[in-house]
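Novice: Have a look at this one before I ask anything.
The values are calculated or read from the model by the stated rules, or taken from the named source; none is laboratory data. Being a predicted model, the structure only gives us computed values, none of them experimental. No Cβ is skipped: glycine too gets one built from the backbone with ideal geometry, and neighbour counts run over all protein chains shown.
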């Protein structure tokens, strides 16, 4: 090896050169960046200014706009043309984009449970490199970042946690007369339910249809009802597939979940079979419901006196669990978990990725999740749980409940073909709920349909997907 | 200018050349008129139908590769569709929906057209009011109706007030009623279509047979059934066929209100095809399904054309003696 001597002059020149280089655009901020947000800005500057296009539902976009404007000011990267599509219709449109390899959208804002399907269709840009460049960290509760991962890569940044929490009417529970009657009848205290069975009993006891007060405010329509079923099924120790990707729905845990799911009919509004959020949230907020599991953003609606008659009248807590396995297990759900994903075919994917990271910083997203009017983006980051504006929007009890539910949150079917699997189950559950199908046939029929889907997508491919699905499942049985 | 005299043999030859030239010009003119339609067919419809045909014979799993690498499966997809009970139910639901809503649209539309056939004061205002529903976007119809059709909503309220009964129909949640709800909305939305066609038909009915019947002392009812309705038969058939085909393709209201539910009560053909293609991403099965539905619709159209021709022939025969008299 040749030995080279360094003169004092060369040493000084080198030092001056490094100093100058340190101030060149694209290098300086990296050297000095202290916070995650500054590092993201620094990395984004190296990608160059651009207006990225995206597919996002306007209620989600509106509270993001001031945060995007700040990023534009600092990096020259902003949002240009936007296709305003509901989060429920976005999967179909995104898949059409994927199949045509379209570069039209630089980013899409969509249910993260679509990640396996869209990544398998070759549409998604892995964010690992951008995350590394910006030294970005997901500031989330235990393992929630696994909802953004698939096949060893990270593909998304959450903007809306959308975790389910338990809502129970405080005024009805704390009513001395109700307490006494309940104790007399059941020999036990009237309190926030810990299990599905307790929840049903409480709902049945307190409901009074003559006063338009129904026990449950859970959704049982075809599009959304299935989300509730997962919570019951997971809490009973169920998992929908074995390691060989054979469906394992038609099990005692599955039947238990169907049974609990269908018993809701006794305590829910007669029109619940076709009701979605536009019908149910007003009923919850106007005091027509005893208890329910619902998305965490409803805390904000309940607290807002302009939208609610029940401000201060709800207990917020962990969703009920089950003793089906012999020990109490709680499982909440996060679906749709709205996240920003980046299009692999986009010519501005770097800019879109850094914008996503900017919006996904806990600190930057505080104003986004605490907007009381455009309340679609719900809290998800540890930074949110300590931020006064977020606590003010959700109440301290609400935030405590959200945090606890995140500790036991699970995804729906986190596999390629998510929509196919889910709709087969949703259709059969809905048919059983309205009496078109016998309860005993729900899981058998679903397994038959799932077997066909597995055959079409490929068992070996789905077996590989299982690792990502299992990684996203919570480890705790009961929140700490 | 000197004019050469034509021989007697040359005169018919020249006339025949002129006739042939005129025929060629007429053909060219017709072709010119049809050219945009032919271009549209060749450049837009043929590629789509060809691609769809390709998908119908190739199993493409969207997650596993590109469409041009899809496996050839022959008629397997068609067989899979035809043996799919869900598809069979969807066909039945669509036929029931289309039949019910078409009859409803026609009866109400014809009745309104009959009332509006003779001018009266405020005629234009009523005409505008009657065609307004057709100008309303179907999704808006759905969302507006949704607010009115809740169990405790205004529709049940009005019916209860009028009948004195506690009318509590779950228009939106009862699987036995859901499809009827969409059919009623379809009738409200598209009755103006039948109304306009029947109004035009009534205006075109010759007055002489009606006047003759009146002179002979026929009652209004008899004139309607025995003179006007037979003369209107081709128009009635046209109104029914066009509305039926439209109703078979109804999607926005059904999807906006029910998305196939409750249960699978409103899973009609368009809903099921949409779900198969864009919910389950079974593009190949969706394509095969669409082809089968297209063949079904072509069969309906062919029957309709046959019936229309028969009606036209019978009308021609009815008028032929009068033409000869004239």
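Novice: Applying the selection to segment A:145-164, what residues are in contact with a strand residue (DSSP E or B) (Cβ under 9 Å, 6 or more places away or on another chain) and part of a loop (DSSP other than H, G, I, E, B)?
Specialist: Restricting attention to segment A:145-164, the residues satisfying the condition of being in contact with a strand residue (DSSP E or B) (Cβ under 9 Å, 6 or more places away or on another chain) are A:145, A:147-150, A:153, A:155-164.
Answer for segment A:145-164, where residues must be in contact with a strand residue (DSSP E or B) (Cβ under 9 Å, 6 or more places away or on another chain) and part of a loop (DSSP other than H, G, I, E, B): A:155, A:161, A:162.
Novice: Determine if segment B:14-21 includes at least one residue that is within 14 Å of another protein chain (Cβ to nearest Cβ), loosely packed, with under 12 Cβ neighbours inside 10 Å and either touching a helix residue (DSSP H, G or I) at 6+ places or on another chain (Cβ under 8 Å) or part of a helix (DSSP H, G or I) (or both).
Specialist: Taking every residue of segment B:14-21 in turn, none turns out to be within 14 Å of another protein chain (Cβ to nearest Cβ), loosely packed, with under 12 Cβ neighbours inside 10 Å and either touching a helix residue (DSSP H, G or I) at 6+ places or on another chain (Cβ under 8 Å) or part of a helix (DSSP H, G or I) (or both).
Novice: If you go through segment B:222-231 one residue at a time, do you hit one that is within 14 Å of chain A (Cβ to nearest Cβ) and touching a helix residue (DSSP H, G or I) at 6+ places or on another chain (Cβ under 7 Å)?
Specialist: As a first pass, look at segment B:222-231 and keep what is within 14 Å of chain A (Cβ to nearest Cβ): none.
No, there is no match, as no residue in segment B:222-231 is within 14 Å of chain A (Cβ to nearest Cβ) and touching a helix residue (DSSP H, G or I) at 6+ places or on another chain (Cβ under 7 Å).
Novice: Out of all the residues in segment B:170-187, which are in a helix (DSSP H, G or I) and within 13 Å of chain A (Cβ to nearest Cβ)?
Specialist: B:178, B:179, B:181, B:182
Novice: Sort through B:297, B:289 and tell me the only one that's under 24 Å from residue B:52 (Cβ atoms) and modelled with pLDDT of 95 or more.
Specialist: That would be B:289, the only listed residue that is under 24 Å from residue B:52 (Cβ atoms) and modelled with pLDDT of 95 or more.
Novice: Can you go through A:469, A:418 and tell me which one is under 24 Å from residue B:282 (Cα atoms), away from every other protein chain (no Cβ under 14 Å), crowded, with 20+ Cβ neighbours inside 10 Å and under 16 Å from the mean Cα position of the chain (by Cα)?
Specialist: Values: A:418 fails: away from every other protein chain (no Cβ under 14 Å).
Of A:469, A:418, the one residue that is under 24 Å from residue B:282 (Cα atoms), away from every other protein chain (no Cβ under 14 Å), crowded, with 20+ Cβ neighbours inside 10 Å and under 16 Å from the mean Cα position of the chain (by Cα) is A:469.
Novice: Kindly provide the set of residues from segment A:330-360 that are part of a loop (DSSP other than H, G, I, E, B) and at pLDDT 95 or above, ordered by number.
Specialist: Correct list: A:331, A:344, A:345, A:346, A:347, A:348, A:360.
Novice: Name the residue that is nearest to the other protein chains (Cβ to nearest Cβ), counting only residues in segment A:256-275 that are within 26 Å of the chain's Cα centre (by Cα) and more than 24 Å from residue A:321 (Cα to Cα).
Specialist: Looking at the filtered set, the residue picked out is A:274.
Novice: I've got another one for you. Only one of A:305, A:278 is surrounded by fewer than 23 Cβ atoms within 10 Å (Cβ to Cβ), at pLDDT below 95 and more than 14 Å from chain B (Cβ to nearest Cβ); which?
Specialist: A:305
Novice: Still on this structure, please answer the following. It is to be established whether one or more residues within segment B:72-81 are away from chain A (no Cβ under 14 Å), under 18 Å from residue B:286 (Cα atoms) and either within 28 Å of the chain's Cα centre (by Cα) or modelled with pLDDT under 90 (or both).
Specialist: Checked against the condition, which is being away from chain A (no Cβ under 14 Å), under 18 Å from residue B:286 (Cα atoms) and either within 28 Å of the chain's Cα centre (by Cα) or modelled with pLDDT under 90 (or both), segment B:72-81 yields at least one hit.
Novice: Okay, moving on. Test of understanding: among A:452, A:427, which residue is buried (at least 16 other Cβ atoms within 10 Å of the Cβ), within 14 Å of another protein chain (Cβ to nearest Cβ) and under 30 Å from residue B:77 (Cα atoms)?
Specialist: On inspection, the qualifying residue turns out to be A:427.
Novice: List the helices (runs of 4 or more DSSP H) that sit entirely inside segment B:240-326 and contain at least 3 residues that are more than 13 Å from chain A (Cβ to nearest Cβ), over 26 Å from residue B:59 (Cβ atoms) and over 22 Å from the mean Cα position of the chain (by Cα).
Specialist: Output list reads B:283-325.
Yes/no per residue for (1) surrounded by 18 or more Cβ atoms within 10 Å (Cβ to Cβ); (2) modelled with pLDDT of 95 or more; (3) out of contact with any helix residue (DSSP H, G or I) (no Cβ under 6 Å at 6 or more places or on another chain):
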{"residue": "A:47", "(1), (2), (3)": "yes, yes, no"}
{"residue": "A:56", "(1), (2), (3)": "yes, yes, yes"}
{"residue": "A:62", "(1), (2), (3)": "no, yes, yes"}
{"residue": "A:74", "(1), (2), (3)": "no, yes, no"}
{"residue": "A:86", "(1), (2), (3)": "no, no, yes"}
{"residue": "A:89", "(1), (2), (3)": "no, no, yes"}
{"residue": "A:112", "(1), (2), (3)": "yes, yes, no"}
{"residue": "A:115", "(1), (2), (3)": "yes, yes, yes"}
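Novice: Could you check how many residues of segment A:197-212 are loosely packed, with under 14 Cβ neighbours inside 10 Å and part of a helix (DSSP H, G or I)?
Specialist: Going through segment A:197-212 one residue at a time, the tally reaches 3.
Conditions (1) closer than 20 Å to residue A:352 by Cβ; (2) out of contact with any strand residue (DSSP E or B) (no Cβ under 6 Å at 6 or more places or on another chain), marked per residue:
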residue	(1), (2)
A:61	yes, yes
A:78	yes, no
A:107	yes, no
A:123	yes, yes
A:167	no, no
A:174	no, yes
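Novice: Working only within segment A:423-480, note down all residues that are part of a loop (DSSP other than H, G, I, E, B) and in contact with a helix residue (DSSP H, G or I) (Cβ under 6 Å, 6 or more places away or on another chain). Before you say what the answer is, go through the steps one by one.
Specialist: Our first condition is that a residue be part of a loop (DSSP other than H, G, I, E, B); within segment A:423-480, this holds for A:434-438, A:458, A:473-480.
Selection gives A:434, A:437, A:476, A:479.
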